[in-house]
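Okay, structure first, notes after.
The values are calculated or read from the model by the stated rules, or taken from the named source; none is laboratory data. Computed from a prediction, not measured in an experiment: that's the story for all the values here. FYI the Cβ positions are ideal-geometry reconstructions off the backbone, even for glycines, and counts take in every protein chain you see. Ligands, DNA and RNA are excluded from the accessible area calculation, which covers all protein heavy atoms including side chains. Shrake-Rupley method; radii C 1.70, N 1.55, O 1.52, S 1.80 Å.
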Amino acid sequence: RQTYRDAVALPYDLKPTKQSKRVSKDWSAEERARQVKNLYNDLNILEAPGLSDIKQHELWNTVSKSVPEEYRYQHPKPPQEVIDRVTKKNQKEGKEKRAAKKAKKEKKMPEEMDIT
């Protein structure tokens, strides 16, 4: 038993909380105890989301070069399809930036020519 602010509380109190009263209001204490014990077995285990493509590529491309050889297993080389996707995306973004910069520069050029 625990005492907290002059109240006695059991560490694993099996009485339903306000949120769970809707689900378990008809359960007896024994039924609730059984449900709590089996709770872990009834849960659906979710897969880990993993790293994004960009993060995998960055860790392998930049960070793994400075990591000692004995710890490089933590930054494995990503699959070739991930490398290709990231490279293609970076090339596309670079091409768009260069085109925008070139268009901006060409837009300013005629104004400078009108000065003479």
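Kindly indicate whether any position in the range 86-107 is of a type in the set (Ser, Thr, Tyr) and open to solvent by 80 Å² or more (accessible area, probe 1.4 Å). Working first, answer last.
Filtering the range 86-107 down to residues of a type in the set (Ser, Thr, Tyr) leaves 87.
From what's left, open to solvent by 80 Å² or more (accessible area, probe 1.4 Å): none.
No.
Within the range 38-52, can one find any residue that is outside any loop (DSSP other than H, G, I, E, B), surrounded by 10 or more Cβ atoms within 10 Å (Cβ to Cβ) and at pLDDT 80 or above? First the steps, then the outcome.
So the first thing to find is which residues in the range 38-52 are outside any loop (DSSP other than H, G, I, E, B), and the list is 39-42.
Going one step further and asking which of them are surrounded by 10 or more Cβ atoms within 10 Å (Cβ to Cβ), we end up with none.
Checked against the condition, which is being outside any loop (DSSP other than H, G, I, E, B), surrounded by 10 or more Cβ atoms within 10 Å (Cβ to Cβ) and at pLDDT 80 or above, the range 38-52 yields no hits at all.
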